[in-house]
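The values are calculated or read from the model by the stated rules, or taken from the named source; none is laboratory data. Small disclaimer: the values here were computed from a predicted structure and weren't measured. Using ideal geometry, Cβ is built from the backbone for each residue, glycine included, and neighbour counts are taken over all protein chains shown.
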Amino acid sequence: MYNILIVHCYHGEYPIRTTSRDWLLSFERYSGHRCFYLNLAFSGIPWYVSKIKWDLIIFPHLFTSERWGRINFRSLIKKAQPLKKIDAVKILFNQDEFFYTNVLSDFINEFDIGFVFTCARESEWRKIYPTVDFKKVRFQTILTGYLEEDTIEKIRVLSGSVPDRIYDVGYRASRALPSWGRHGALKTLVAEKFQNAITPEDQLKINISLRREDTFLGDDWYKFLLQCKYTLGVEGGSSILDADGTLMKKTEEYSKNYPEATFEEIESACFPGADGALNLFALSPRHLEACATKTCQILIEGQYNGILIPGIHYIELKKDFSNLDTVIRLIKEDKNRQEIIDRAFRDIVESGKYTYRSFVTFVLETTLGNVQYSEPSKNDVSMKFYIRYNQVSESMKWMVVPFEACFMNKIFPQLPKSLVNVLKRIKEYYC
């Protein structure tokens, strides 16, 4: 049996997003090995870590996502330093690989990461990770998320308790930052185009919103999809590489000074010629969830990791929206929806190819295929104690998350800046 350590940094948002929770728990649920979790948001490396012979150390995207707050990420790397000395296979999972990516390369090199699981296709790897030695580090493209078996069953149960398909078209998205490029802007643009194109004469009931307060979390998101005949979508990702975060900083400053500026004006002033340098486009969990709820997808043309095929699993909408009238007509006629959702459900959901069980199996076979199990502990009582200690300490951290989230999101913004800086230094020192 392998000893697996999952090192993450979750804080600031409660309740935890279903996709994040399912990802974190997937190894415990499906690996069949001993899994320990460390949330470094509220502590450093505990004493018992050095007592265990580790086979695999996993740094998930809930670790690397801390680079969005660059000071926090430097503090996190400092906490993780003791893990550098551990002789184990170390693997890294990355997402949002269009922003502040230089530190990812530095982390891979410093911590002797052996495998990187990325959302980027192979053509983009060396653009994103220019200083990594590809002879030493193996890269593998994976999805940003997968289907949880319990979620599939939950959706089946929910389908019998919510109003059936009361909306013709439903969609939720948040506005992307200009520094994410034209591709990032598509998820906002598709909503605006549909809202402007559908008229009262079409007699279509739509529920489309870009407002943060209209976001659905957890089961409410599945309930919403179950109430929609069609939903909109676009590949996740970005068409701009902002390796050191300077483009984001420029656009934030420019937008603050010129709040009415158009995307074209911001592009010209902040990142002329940079858009299109990166092709970081990927299927997202939302696409899989729509397949599970049997909601027909209308997706901006793209590759979707070669998994979703236009005309087979979804209705394609051109990037220039040249066929928007045709798509609206198909929605009104509603003739092919059942055939499309049945195929998508069969190929994506029932096939079992895109579940967390399959994901965990793939990761373990890729990274530990030739690694022998750790020798059984000479003192099984000690291992049982370490396991229990880890469970209790990590459970206590999860109890802190809702209070920390409330403080950070509601109280923290109201405090004087001087006090905020003091509290940040205290947190970095003690945590």
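Please state which of the following conditions Ala191 fails to meet, knowing it meets all the rest: (1) in contact with a Gly (Cβ under 9 Å, 6 or more places away or on another chain); (2) among the aliphatic types (A, V, I, L, M); (3) over 21 Å from Thr18 (Cα atoms).
(1)
Taking segment 204-217 as the region of interest, how many residues are without any contact (Cβ under 8 Å) to a residue 60 or more places away in the chain and either in a loop (DSSP other than H, G, I, E, B) or within 22 Å of Ser322 (Cα to Cα) (or both)? Working first, answer last.
Residues of segment 204-217 that are without any contact (Cβ under 8 Å) to a residue 60 or more places away in the chain, as a first pass: 205-216.
Going one step further and asking which of them are either in a loop (DSSP other than H, G, I, E, B) or within 22 Å of Ser322 (Cα to Cα) (or both), we end up with 205-206, 208, 210-211, 215-216.
Of the residues in that region, 7 qualify.
Looking at segment 127-159, which of its residues are of a type outside the set (Ser, Thr, Tyr), outside any loop (DSSP other than H, G, I, E, B) and farther than 21 Å from Lys90 by Cβ?
Lys127, Leu147, Glu149, Asp150, Ile152, Glu153, Lys154, Ile155, Arg156, Val157, Leu158 - these are the residues of segment 127-159 that are of a type outside the set (Ser, Thr, Tyr), outside any loop (DSSP other than H, G, I, E, B) and farther than 21 Å from Lys90 by Cβ.
Exactly one of (1) under 22 Å from the mean Cα position of the chain (by Cα); (2) surrounded by fewer than 16 Cβ atoms within 10 Å (Cβ to Cβ); (3) modelled with pLDDT under 95 is unmet by Leu186. Its number?
(2)
Which numbered condition in (1) under 24 Å from Lys319 (Cα atoms); (2) touching a residue at least 24 places away in the same chain (Cβ under 8 Å); (3) surrounded by 15 or more Cβ atoms within 10 Å (Cβ to Cβ) is the only one that Arg175 fails?
(3)
Just to check your reading of the model, which residue among His61, His33 is within 16 Å of the chain's Cα centre (by Cα) and closer than 17 Å to Phe362 by Cβ?
Every option except His61 fails the conditions.
Would you mind stating whether Lys384 is surrounded by fewer than 17 Cβ atoms within 10 Å (Cβ to Cβ), free of Cβ contacts under 8 Å to residues at least 24 places away in the same chain and part of a helix (DSSP H, G or I)?
yes
Within segment 1-102, considering only helices (runs of 4 or more DSSP H) that don't extend past its boundaries, which have at least 3 residues that are of a type outside the set (A, V, I, L, M, F, W, C), farther than 29 Å from Arg212 by Cα and modelled with pLDDT of 95 or more?
18-30
Which numbered condition in (1) touching a helix residue (DSSP H, G or I) at 6+ places or on another chain (Cβ under 6 Å); (2) surrounded by fewer than 20 Cβ atoms within 10 Å (Cβ to Cβ); (3) without any contact (Cβ under 8 Å) to a residue 60 or more places away in the chain is the only one that Gly32 fails?
Exception for Gly32: condition (1).
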